[in-house]
Amino acid sequence: MNEYAEYDWKLQQIQNERLCDVSRKRLTDGDRQRALDGLKDAVDSSLNLALRDKSRCQDDNFLRRFLYARKHDVQQSFELLVRYHQHRREHPELWANADGGVLRALADGLPGVLAQRDRRGRCVLIMFASNWTPHACPLISVFRALLLTLERTLNEVQNQANGYVIVVDWTEFTFKQSCSLQAKILKMMIDCLQDCMPARFKSIHFIGQPWYVETALAVIKPYLKAKTRERIVLHGNNLSTLHDALPLDILPAELGGEGPSYNSEHWLQEFCRCENIDAKPVSVAVPPAPVDNDLPAAKLNKAYKQKDNQNFSFHGNEKSAKSELLRDKD
């Protein structure tokens, strides 16, 4: 049994190394080293204030994440490096150490990290949107949890080279929850993840998304780059198309996979261990939930109460609710 376990481990290691080489084909070791040296030279000669503190740029592994993100184009990698540092200087509150809100988000699986990679060696992040409690865990805390998760997992070269797959499960995500998706923070998230983060997002899968999520997506799509828009896949309730993209054996039961139910404690504990913080207990001061007659919840409740009326026309009310949602976001 021990011999089999050792063989299986070696086989997995060889497979991971081969998968890691997929994004680096056509690049020799010499090419990669020349790109790294070129990026170092660009950093050393730069007078940009964003790179005033160059201490972290002495770490080769840190610099490589920018090279992989821009396919070892030195100029583009350097520009990304500058934007990354500039973003950290302009938004220090986003990059601060994890607080109770971040730990609460991670405990709710916002996001979570699957233990196994997909067949292409990509790291799979999952987000269970229905677990989100806006009054207890603000959207900015969810964003920080995602940002710090990416920052931590990018320490692995495989994640730098092969990138990420994100699966967002919108099942049972309510209309009322969607009203807490602040447009300002969504725009901040898009700007940071697209233009400042040295991460390669290979595909983004939405499952169980209701119409109001699709409406919100339509609002933010103009701010997405063409490549990002092409990589967003809407599966609805058809999990078979998700299973065509990701193998069943790595997916949890919630996503129709063969694995057990996802346990958010695993990534939470790993994250806290790496950050040298105490994960237990995850205590967050929870303010009282807003009463139902607060706007815009009152509008939503009114719309759904009207649905029980015999003369109710769902499509007409849907159009009205969509317009109110867009107006509330402005």
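The values are calculated or read from the model by the stated rules, or taken from the named source; none is laboratory data. Quick caveat: nothing in here was measured; it's all calculated off a predicted structure. Positions of Cβ are generated from backbone atoms using ideal geometry, with glycine treated the same way; all protein chains shown enter the neighbour counts. For accessibility, only protein heavy atoms count, side chains too; no ligands or nucleic acids. Shrake-Rupley method; radii C 1.70, N 1.55, O 1.52, S 1.80 Å.
At a glance:
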{"item": "Rel. contact order, % - alpha carbon contacts under 8 angstrom, at least six apart, segment 29-95", "result": "35 percent"}
{"item": "Segment 185-212-segment 78-128 distance, computed between alpha-carbon centres (Å)", "result": "12 Å"}
{"item": "Label zone at residue 277, where the point sits 7 Å out along the Cα-to-Cβ direction: segment 74-108 residues whose backbone N lies under 13 Å", "result": "93-107"}
{"item": "Full-extension gain in nm, residue 27 to residue 55, via 0.36 nm per residue minus C-alpha separation", "result": "7.3 nm"}
{"item": "Derived scalar couplings ³J(HN,Hα) [segment 86-93; Karplus, 6.51 cos²θ - 1.76 cosθ + 1.60; whole Hz; x for Gly, Pro]", "result": "5, 5, 5, 6, 7, 10, x, 5"}
{"item": "Per-residue HN-Hα couplings for segment 167-175 [Karplus 6.51, -1.76, 1.60; θ = phi - 60°; Hz; x = Gly/Pro]", "result": "10, 10, 9, 9, 4, 6, 6, 8, 4"}
{"item": "Shape call, segment 29-95: gyration tensor on alpha carbons, a/c limit 1.5", "result": "prolate"}
{"item": "5 angstrom amide H check on residue 262, placed H, neighbours 5+ away", "result": "253, 254"}
{"item": "Per residue accessible area of segment 29-95, 1.4 Å probe, in Å²", "result": "54 Å²"}
{"item": "Nonlocal amide H pairs with residue 201, under 5 Å, H built at 1.01 Å", "result": "164"}
{"item": "Size of charge dipole - segment 96-279 - debye, nearest 20, with Cβ of Lys, Arg +1 and Asp, Glu -1, no other charges", "result": "700 debye"}
{"item": "Heavy-atom accessible surface of segment 29-95: percent carbon and sulfur, 1.4 Å", "result": "45 percent"}
{"item": "Net +/- balance of residues flanking residue 50 in space, Cβ distance below 13 Å, scoring K and R +1, D and E -1", "result": "+3"}
{"item": "Sequence-distant residues sharing a close amide H with residue 233 (under 5 Å, placed H)", "result": "204, 205, 206"}
{"item": "Apportionment of accessible area to carbon and sulfur, segment 96-279, percent (1.4 Å)", "result": "51 percent"}
{"item": "Whole-Hz couplings from phi, Karplus 6.51/-1.76/1.60, listed for segment 153-165; x for Gly and Pro", "result": "6, 6, 5, 8, 4, 4, 6, 5, 7, 9, x, 10, 10"}
{"item": "Long pairs among 54/187; 176/221; 40/187; 184/221; 40/225, criterion Cα-Cα beyond 26 Å", "result": "54/187; 40/187; 40/225"}
{"item": "Accessible area of residue 239 in the full protein assembly, 1.4 Å probe (Å², nearest 10)", "result": "50 Å²"}
